[in-house]
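This report concerns only the one structure given below.
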Amino acid sequence: MADKKNYLLGTFLKVFDAEKRGKVLDIGCGDGDYAYNLKKMGFDVLAADMDIARFRYKSEIDFNKCDLTKELP
């Protein structure tokens with residue numbers, strides 16, 4: 001059986017593949033896999049989450065720490 005996370009990521013990327021390249025804000029980015037793959041596809045990505053320690057792509061993608069229960073930066 002295929003890995004559920006990889007299946008969801010693959011499906012997500014298929015949807016974005018047809019979109020015009022532009023800016024994407026990935027709020028609640030977690031480890032950053034979705035943001036990273038969008039960047040590889042040519043999108044200008046800003047990732048945001050409460051936990052920067054979990055984010056794996058600090059050197060490749062701009063990251064803002066944010067809490068969705070508060071005003072966004």
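Every number in this text was worked out from the coordinates using simple rules, so none of it is lab data. This one's a predicted model, so the numbers in the text were calculated from it and none came from an experiment. Here the Cβ positions follow ideal geometry from the backbone for every residue, glycine too, while neighbour counts run over all protein chains shown.
Tabulated data for the structure shown
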{"item": "Matching option when the condition is more than 12 Å from the chain's Cα centre (by Cα) and assigned to a helix (DSSP H, G or I), among 53, 35", "result": "53"}
{"item": "Every residue from the stretch 1-34 that is in contact with a Leu (Cβ under 8 Å, 6 or more places away or on another chain) and not hydroxyl-bearing (Ser, Thr, Tyr)", "result": "13, 16, 23, 24, 25, 26, 27, 28, 33"}
{"item": "Selection count, the stretch 25-55, where residues are of a type outside the set (Asp, Glu) and closer than 16 Å to residue 66 by Cα", "result": "16"}
